[in-house]
1. Under 8 Å between Cβ atoms, at least 6 apart or on separate chains: pull out the pairs that start in region 126-154 with a residue that is free of Cβ contacts under 8 Å to residues at least 60 places away in the same chain and in a helix (DSSP H, G or I) and end on any residue that is open to solvent by 30 Å² or more (accessible area, probe 1.4 Å) and of a type in the set (F, W, Y).
2. Which residue is farthest from P254 (Cα to Cα), if the candidates are limited to region 152-167 and must be open to solvent by less than 20 Å² (accessible area, probe 1.4 Å) and more than 17 Å from the chain's Cα centre (by Cα)?
3. For region 82-118, enumerate the residues that are at pLDDT 95 or above and on the phi > 0 side of the Ramachandran plot.
4. Among the candidates K211, K201, which residue alone is closer than 30 Å to I23 by Cα, modelled with pLDDT under 95 and either in a loop (DSSP other than H, G, I, E, B) or not aliphatic (A, V, I, L, M) (or both)?
5. Quick check on my filter: what residues within region 230-287 are without any contact (Cβ under 8 Å) to a residue 12 or more places away in the chain, acidic (D, E) and in contact with a Leu (Cβ under 9 Å, 6 or more places away or on another chain)?
6. Any idea which residue in region 173-196 is nearest to G106 (Cα to Cα), counting only those that are of a type in the set (K, R) and surrounded by fewer than 20 Cβ atoms within 10 Å (Cβ to Cβ)?
7. For residues in region 18-69 being of a type in the set (F, W, Y) and open to solvent by 50 Å² or more (accessible area, probe 1.4 Å), which is modelled with the lowest pLDDT?
8. Only residues that are of a type in the set (G, A, S) and either at pLDDT 95 or above or open to solvent by less than 60 Å² (accessible area, probe 1.4 Å) (or both): list them for region 282-308, please.
Amino acid sequence: MKGKIIKSTGSWYQVLETETGKIFEARIRGKFKLIKTRLTNPLAVGDFVEFQLEQDDIAWITKIEPRRNYLIRKSVNLSKEAHIIASNIDLACFIFTLKHPETSLGFLDRFLACCEAYNIKPLILFNKMDVLFEEESEIVKDIEFLYNEIGYNTLEISSYSKLNLDKLVEILKDKTSVFFGHSGCGKSTLVNAMQPNLNLKTSEISDTHLKGKHTTTFAQMHFWDFGGNVIDTPGVREFAMIDIEKEEVQHYFPEIFKKREECKYHNCLHVNEPKCAVLESLETGEIQPTRYSTYIKLMDEAEETARK
């Protein structure tokens, strides 16, 4: 029998059978080959699998189909391991909030680099626009312009005022999408606003630290009435890029990768090389310092991983 993982709690899974649409509780049987490195989870929501039924309609998963793509975060407790957040994604939506909680551009850039590395189309959603003052809205528009210039799609939204939710529905229709962002950025609230009958659990921002509380504790796929589905995920603190060589990192920053053709040396890493077009563009403001800073950090991390 064949199906798709629609919920993962760590030890148990829910599998949606392809032919009948029936949902089975499932467990893993046999050894699963993990991708290139040690992972904390052999299966993720979005995976296509084969399974067998035994007594009491318990499904035993016996095989995982090759993944078209996936997104990974660093494991919470084990820094050397990674955790697959979701797989076989058509569109990854990053929910950016200027405040309550504040989202850093570095966190956004890591997400975009991961999307580039694992061949996933991203969409940046600027959420909670209804709580921003005029000058804060202008800051969001400046950030939007920055990422539009690089080539990324963006949309300003609000779950409460319903700003642009009709446009978002058209974008997500008939796709497998996934919502990412810090805890408290409004992922579950957004899902509820687009389909109220799901009634996902939400909570307020912590007044003490202005950080979100974890309300989604495991990944789960929800199906839209308008077609397609969304994978709701726990708040992610840091994305991971595994098995990436230091020299490869520039491939995942489109504006840097484009400029490299103008560098004097074909193997330029854009750190301190002479006649480097990227460094020159950094001086003129054509390449943003925040993007370049994330690029350098990812190169350093790749080098450190290689040493270990």
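1. The qualifying pairs are D130/Y160.
2. So, considering only residues that are open to solvent by less than 20 Å² (accessible area, probe 1.4 Å) and more than 17 Å from the chain's Cα centre (by Cα), the one farthest from P254 (Cα to Cα) is S159.
3. N88
4. Only one candidate qualifies: K201.
5. E273
6. Only one residue fits best here, namely K175.
7. W60
8. G285, S293, A302
The values are calculated or read from the model by the stated rules, or taken from the named source; none is laboratory data. Keep in mind the model is a prediction, meaning the values are calculated, not measured. Every residue, glycine among them, receives a Cβ derived from its backbone with ideal geometry; neighbour counts consider all protein chains shown. In case anyone asks, the SASA skips ligands and DNA or RNA and just uses the protein heavy atoms, side chains included. Shrake-Rupley method; radii C 1.70, N 1.55, O 1.52, S 1.80 Å.
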